[in-house]
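The values are calculated or read from the model by the stated rules, or taken from the named source; none is laboratory data. These numbers come from a predicted model, not from an experiment. Cβ: placed from backbone, ideal geometry, glycine included. Neighbour counts: every protein chain shown.
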């Protein structure tokens, strides 16, 4: 069963493994998520758990959103996330039940989804790593340009997908098959090998890997 846990990215640090090698890790805070509601195949067309994360005041929500928590008699949550499950798995959970970090173990493979840092409108050198023009005599105001973008009379247009200046970052990014290097259940902390998308303090989604299973690295 794969459950999409909502978590906070704290930042990066490093640890030493059993062989004495330095391993760069990302610190993730996985607070308990509450089951806010359940989607059923009969009513909604699919089975899913709706998890809530981070308590907030009721006046911070829309009335349509606050009604969901009043119906379930739960504390309002800032973030909601669905997790598709099977019918028999759905029956194992109750409204208001908390799901914590204990569903993960050391050396588990996980997938992490987050929103990458937004860098605004960027040129081709920053956005795609292009080299730019030569800084020689005769080159004027063209140092950071991308160069030619198309042909002349034929085909007489720029092809779709051409690498051009534009918005860089601020998009949904999924990193697959990251290993859990260490876990601290008392502080709800996961240490995962490598980098994770998004800024420090940003919200991410953590779930067991689709392509890999819990094996020792």
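Points to keep in mind about this one:
- Of the residues 94, 65, the single one that is closer than 22 Å to residue 202 by Cβ and not in a strand (DSSP E or B) is 65.
- Residue under evaluation residue 54, criteria (1) surrounded by fewer than 17 Cβ atoms within 10 Å (Cβ to Cβ); (2) touching a residue at least 24 places away in the same chain (Cβ under 8 Å); (3) in a helix (DSSP H, G or I), criterion not met: (3)
- Qualifying residue in the stretch 77-84 (condition: out of contact with any strand residue (DSSP E or B) (no Cβ under 6 Å at 6 or more places or on another chain), surrounded by 12 or more Cβ atoms within 10 Å (Cβ to Cβ) and either assigned to a helix (DSSP H, G or I) or at pLDDT 90 or above (or both)): no
- Taking the numbered list (1) surrounded by fewer than 14 Cβ atoms within 10 Å (Cβ to Cβ); (2) more than 30 Å from residue 212 (Cα to Cα); (3) under 23 Å from the mean Cα position of the chain (by Cα) in turn, residue 135 passes all entries but (3).
- A single entry from 128, 142 fulfils the requirement of being surrounded by 11 or more Cβ atoms within 10 Å (Cβ to Cβ), under 23 Å from residue 169 (Cα atoms) and outside the structural domain of residue 76 (by TED's automatic domain parsing): 128.
- Some residue of the stretch 44-56 being farther than 26 Å from residue 90 by Cβ and either at pLDDT 90 or above or in contact with a helix residue (DSSP H, G or I) (Cβ under 8 Å, 6 or more places away or on another chain) (or both): no
- Just one of the listed residues (60, 81, 87) is in contact with a helix residue (DSSP H, G or I) (Cβ under 7 Å, 6 or more places away or on another chain) and either farther than 28 Å from residue 161 by Cα or not assigned by TED's automatic domain parsing to the domain that holds residue 144 (or both), namely 87.
- Residue in the stretch 5-28 that is buried (at least 18 other Cβ atoms within 10 Å of the Cβ), touching a helix residue (DSSP H, G or I) at 6+ places or on another chain (Cβ under 9 Å), in contact (Cβ under 8 Å) with a residue 24 or more places away in the chain and part of a loop (DSSP other than H, G, I, E, B) present: no
- Test: residue in the stretch 164-186 that is modelled with pLDDT under 95, in the same structural domain as residue 17 (by TED's automatic domain parsing), over 19 Å from the mean Cα position of the chain (by Cα) and loosely packed, with under 11 Cβ neighbours inside 10 Å: yes
- Flag if residue 115 is in the same structural domain as residue 40 (by TED's automatic domain parsing), farther than 30 Å from residue 26 by Cα and surrounded by 10 or more Cβ atoms within 10 Å (Cβ to Cβ): no
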